[in-house]
Amino acid sequence: MQPAVVAHRGASAHAAEHTLAAYDLAIAQGADALECDVRLTRDGHLVCVHDRRVDRTTNAKGVVSTLSLAELSLLDYGGEIGVLTLDALLGLAADHGVPLFVETKHPVRYGGQVEARLVELLATRGLARPSTKEESPVVVMSFSTLAVRRVRALAPRLPTVLLLTQLWPTLRDGTLPPWADHTGPSVAMLRRDPEYVARAADHGHATYTWTVDDPADVELCAGIGVRWLATNAPAATRATLAR
């Protein structure tokens with residue numbers, strides 16, 4: 001089975017990341033799923049912004065957590081005015097019937113409030129208690145072990161991914177902590193240790209790999225059984241998989 005193509009911050013190789021234009025393009029390019037990062041604003045709204053600051057992605061400067069939603073909505077995000085809220089992106093994903101992978105960013109000044117607010121928002125949309133994890137329209141991810149544990153405690157039915165930049169000694173055999181359903185290694189990790197995917201599968205854990213744009217990396221991931229492949233260029237990645 002080929003990996004599912006997950007649009008990393010939308011089709012961010014061709015449109016400004018975390019904008020409706022990027023996600024609309026990703027869907028048009030045939031992405032199987034979407035991915036976003038979330039942070040809390042000063043007034044408690046979840047917005048789709050990767051960096052702690054808005055300097056790189058907007059025409060302004062400032063820390064996301066010190067700005068209100070109204071203030072963030074005045075900024076220019078690569079030609080699109082207004083920050084993308086998670087609620088709006090959930091609506092877009094639902095309209096097109098594609099799953100959404102949500103990464104909570106840490107460390108942040110609001111700590112566990114990020115996951116609490118996320119679960120609250122999902123609950124208002126009827127998404128916090130899926131009938132099965134396989135059928136869940138939302139998957140929650142983080143590099144923070146505490147964040148993933150909080151999600152499991154707050155919403156046990158939501159599927160979770162523990163993102164990894166390196167393999168801890170205790171995880172080399174493919175096991176994960178009991179509160180993580182799937183593993184999330186970088187593609188650089190898999191270049192060094194491609195057998196890790198099979199070891200994780202032996203323990204019942206599927207693999208989500210980031211961020212995969214190079215055709216050789218796409219082919220590597222397809223060959224070793226990666227289930228979800230996060231990419232900035234969904235169309236090009238899908239073309240590589242179709243060869």
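The values are calculated or read from the model by the stated rules, or taken from the named source; none is laboratory data. Here the structure is a predicted model, which means the values were calculated and not measured. Please note: Cβ atoms are built from the backbone with ideal geometry, for glycine as well, and neighbour counts cover all protein chains shown.
Below are the figures for this structure:
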{"quantity": "Residue selected from the stretch 189-212 under the condition of a type in the set (A, V, I, L, M) and in contact with a strand residue (DSSP E or B) (Cβ under 8 Å, 6 or more places away or on another chain), by the criterion surrounded by the most Cβ atoms within 10 Å (Cβ to Cβ)", "calculated": "V212"}
{"quantity": "Of all residues making up the stretch 103-132, the number that are of a type in the set (S, T, N, Q) and at pLDDT below 95", "calculated": "0"}
{"quantity": "Matching helices (runs of 4 or more DSSP H) fully within the stretch 115-208 where at least 2 residues are under 20 Å from T231 (Cβ atoms), over 17 Å from the mean Cα position of the chain (by Cα) and in contact (Cβ under 8 Å) with a residue 24 or more places away in the chain", "calculated": "187-192, 196-202"}
{"quantity": "All positions within the stretch 61-78 that are surrounded by fewer than 14 Cβ atoms within 10 Å (Cβ to Cβ) and in a strand (DSSP E or B)", "calculated": "D76"}
{"quantity": "Test set (1) out of contact with any helix residue (DSSP H, G or I) (no Cβ under 9 Å at 6 or more places or on another chain); (2) buried (at least 23 other Cβ atoms within 10 Å of the Cβ) - S186 fails condition number", "calculated": "(2)"}
{"quantity": "Qualifying residue in the stretch 207-218 (condition: in contact with a Leu (Cβ under 7 Å, 6 or more places away or on another chain), more than 25 Å from K105 (Cβ to Cβ) and at pLDDT 95 or above)", "calculated": "yes"}
{"quantity": "Enumeration of residues in the stretch 17-46 that are farther than 17 Å from A235 by Cα, touching a residue at least 40 places away in the same chain (Cβ under 8 Å), touching a helix residue (DSSP H, G or I) at 6+ places or on another chain (Cβ under 6 Å) and of a type in the set (V, I, T)", "calculated": "V38"}
{"quantity": "Single residue of the stretch 133-152 satisfying the filter (surrounded by fewer than 22 Cβ atoms within 10 Å (Cβ to Cβ) and either at pLDDT below 95 or charged (D, E, K, R) (or both)) that is nearest to A94 (Cα to Cα)", "calculated": "E135"}
